[in-house]
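The values are calculated or read from the model by the stated rules, or taken from the named source; none is laboratory data. Computed from a predicted structure; not experimentally measured. Cβ sites come from the backbone with ideal geometry, for glycine too, and all protein chains shown count toward neighbours. Note: accessible area is taken over every heavy atom of the protein model, side chains too, but ligands, DNA and RNA are not part of it. Shrake-Rupley method; radii C 1.70, N 1.55, O 1.52, S 1.80 Å.
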Amino acid sequence: MIRVMAALVVVSVAVAGLDQRDDVDSHDPRLLDALVLRSAPAESLGEVVGSSGDAWADDDARALVLRLDGRSGRVVARIRAPGRMALAADGQGVWVLRWGGRFWRRPNGPLLRIDPATNRIAARIPLRAASGEPMVAFGVLAGDSGVWVWGPSRVLHLDRRTTRFVQDFKVEQWHGELTGAILTEGGLLAVAADGHLLRVDARIGVRTAGRQPALTAAELLELTGRRLVATADRMLLAVDASTGRLLWRRRLGFHVETVIDYDGVLLAQGSALGDSGDRVWAIDGTTGRICASTVLPSLGTVGMTSVQGALWITTVDGHVIAIPRLLARLFVGRCLRSDGRASRWRAWAAADPPVARAGSRRRGVSALGTSTRSSP
């Protein structure tokens, strides 16, 4: 169904307004409303990640993880997982962390691994520190550097082969508790409450990587190369992950929930006052310039990921919005076209969808099939 709707975009580009100015919506909401796939598989949905060509969403009202077919959106599996869930995905499957949110400081867990081949829980891992002490966790991260669970003062590293936590990093509270974390090569990059960046490396341990005042109480959203994207004080900002130097700062709306790297362009999902629905922005990651934006046909969106190039968005009232791959790529392509790189844009628009790689989302779920980031 997504492919059929995507074909309609070819004859609708002019109507969609793809050549409008940056400060004008790039898509007529009525057109977007007609082209997207919408379904209501639950009364309430939370996070969403992509894995094995499908979307996986937290149906917290019924204590389930739903597997949604990547083409039709049909529910193909329901996996029992009691409690509110944070999700992440990698080559081993979908990782599910039962948690209580940022303000419920009770020990939580367990950490579950769902095998996409069987749609069954393949591992159930107690969330305990090396000392045996139960852990308070904020999120789970999964990617090339492994599976990590992090909380306000502790980070655990999982051995995927044995499904046991093999490293326990205690984070001193000199700079306040951790407020966000994101995967990086060899470990993760975290931010403390006062804006200090901390690197947690599986071989070296915990190191301080400098302070950026703009990161005070920040949530980390995306890491591309050395560029770290975060949200703090209702601003979206980027800093150099090595030096902490502020690269740019941009106010989008009153709230940004998710940012993913879509083949070199940042896509942000959030809310702005006066809109009839929530909004998606396409942003040049180098400069922070808004290339395009569009209003979604729904309020209360809570998660966004990419599955085979299509955008999947969940809402608090249990709806799923799927934006076809071609429409998503035309939307994102404005960041190339607006810079006069028309030939590059044509080649890029005709190419295969972005290769699944670590992306980001609040509480550690989401983006281009896997997850790198987590924040309460």
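What is the gain in length, in nm to one decimal, between SER276 and ASP159 on full extension, counting 0.36 nm per residue of separation less the C-alpha to C-alpha distance?
On the way: separation 117, 0.36 × 117 = 42.12 nm, distance 4.57 nm.
Result: 37.5 nm gained on full extension.
Percent of alpha carbon pairs in region 209-296 separated by more than 15 Å?
Tail fraction, whole percent: 53.
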Leading residue at positive end of dipole, region 148-198 (Cβ point charges), from LEU158, GLY195, HIS175: LEU158
Gained length - ASP233 relative to THR118, 0.36 nm times residue gap less alpha-carbon distance: 37.1 nm
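Within 10 Å of each candidate Cβ there may be at most 14 other Cβ atoms; applying that plus a DSSP loop requirement, which chymotrypsin sites (Phe, Trp or Tyr not before Pro) in region 197-288 survive?
PHE254
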P(r) tail fraction, region 111-237 - alpha-carbon pairs more than 17 Å apart, %: 57 percent
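May I ask for the percentage of alpha-carbon pairs in region 116-174 that lie more than 19 Å from each other?
When all Cα pairs of region 116-174 are counted, 31 percent exceed 19 Å.
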Accessible-area ranking of HIS255, HIS157, largest first, probe 1.4 Å: HIS255, HIS157
Solvent-accessible area of MET85 with every protein chain in place, 1.4 Å probe, in Å² to the nearest 10: 0 Å²
Length released on extending from ASP240 to HIS255, taking residue separation times 0.36 nm less the Cα-Cα span: 3.1 nm
